[in-house]
Amino acid sequence: MREELIISGRMNHLIDPVLHAWGWEIPVYLFLGGLAAGLLFFAGLYYLLGKENEFPAAVKKAPVLVPIILSLGLFALFLDLHHKLYFWRLYTTIRIESPMSWGAWTLMAITPLSMVWAALNIKEWFPNWDWKYQWIRDIETFVAGYKKHMAWLMVILGVILGIYTGILLSAFNARPLWNTSILGPLFLASGLSAGSALIMLISKDHHERITFARIDLIVIVVELFFIIHMLMGFQASTEVQIEASKLFLGGDLTAPFWIFVVVLGLLVPAGLEIMELLKIKIPVIVPVVLILLGSFMLRWLMTYGGQMSRYLY
């Protein structure tokens, strides 16, 4: 009699214990989406507060970059798709319970909105810009009358986009590291921090830089609270989530998480911004680069760490 050995699919190294269905494209997309959300949120907020002249970099200059940032993020997402020709099917239905559906429709609304806002403020980057055709100027004049409505949409959609980048991961219950409700607010705070950092880099006004340094300090404190709360929640949860949290608490991702996200991405920039507030001159590019690096590494490590976490029976 001939015997055959049947091996479970769980023994496949591509399935268990590590499933790497998502590569570099997803964390790049999540980072750029969060950055765009932060920029649009601040642009809309300070326009509604009537401070577009006090904070021109936030309201007028930085948002011009958002369509480029979103396009790069969507391109990275497109590269990740296995059936690229069928992406349009996301727009044949609306599923309230689906984070993917929320994200698709939010991006559908916020991308053209960001393009219009950028077109209205493009002279901030190119003072001699001329639309050449009168009918384009007429459209610009007409649309400019609805900037307040656009600003409200930017604030609301910016918050939704920022939270969605975290909910996209947390909706995957089969991955314990992602299965936490704190991920959405954490990614939103990270996106706001990245947005405020980029505004500081672009701004030429000292008052505006100091204002956004203060804002970023507050957001960094909120981020640290969320990270601590997330890890404490894992430690007080089920065995699988305790094991998942060990990726950052003594496991394979401990060093990169605490070095690149917590220390270099949060604590060091916070210290540098405090020094700036105390009138100790610090090159603005240093905290900005560290904040952007930390924001990206947070998404990179959460994306890869989540795929390393698993349920084992």
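Numbers at a glance
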| item | result |
| --- | --- |
| Cβ pairs under 8 Å, 6+ apart, first in the stretch 112-141 and modelled with pLDDT under 90, second among the small types (Gly, Ala, Ser) and in a helix (DSSP H, G or I) | Glu140/Ala119 |
| Single unsatisfied condition, Glu97 versus (1) surrounded by 12 or more Cβ atoms within 10 Å (Cβ to Cβ); (2) within 24 Å of Phe31 (Cα to Cα) | (1) |
| Set Leu48, Leu77: member being surrounded by 14 or more Cβ atoms within 10 Å (Cβ to Cβ) and modelled with pLDDT under 90 | Leu77 |
| Verdict on Leu177 being surrounded by 13 or more Cβ atoms within 10 Å (Cβ to Cβ) and not in a loop (DSSP other than H, G, I, E, B) | no |
| Enumeration of residues in the stretch 284-313 that are in a helix (DSSP H, G or I) and surrounded by fewer than 16 Cβ atoms within 10 Å (Cβ to Cβ) | Ile285, Val286, Val289 |
| Residue match in the stretch 56-68 (condition: surrounded by 24 or more Cβ atoms within 10 Å (Cβ to Cβ) and not in a helix (DSSP H, G or I)) | no |
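So that you can scan it fast, the table gives a plain yes or no per residue for (1) under 20 Å from Ser170 (Cα atoms); (2) free of Cβ contacts under 8 Å to residues at least 40 places away in the same chain:
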position	(1), (2)
Glu239	yes, yes
Glu243	yes, no
Lys246	yes, yes
Trp258	no, yes
Ala270	no, no
Lys279	no, yes
Phe296	yes, no
Thr303	yes, no
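Yes or no, residue by residue, for (1) part of a helix (DSSP H, G or I); (2) of a type in the set (A, V, I, L, M, F, W, C); (3) surrounded by 15 or more Cβ atoms within 10 Å (Cβ to Cβ); (4) more than 20 Å from the chain's Cα centre (by Cα):
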site: His82; (1), (2), (3), (4): no, no, no, yes
site: Trp105; (1), (2), (3), (4): yes, yes, yes, no
site: Ala118; (1), (2), (3), (4): yes, yes, yes, no
site: Asp130; (1), (2), (3), (4): no, no, no, yes
site: Ile139; (1), (2), (3), (4): yes, yes, no, yes
site: Lys148; (1), (2), (3), (4): yes, no, no, yes
site: Gly158; (1), (2), (3), (4): yes, no, yes, no
site: Gly166; (1), (2), (3), (4): yes, no, yes, no
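The values are calculated or read from the model by the stated rules, or taken from the named source; none is laboratory data. Just so it is clear, the model here is predicted, and its values are computed rather than measured. Cβ coordinates were reconstructed from backbone atoms using ideal geometry, including for glycine residues, and neighbour counts include every protein chain displayed.
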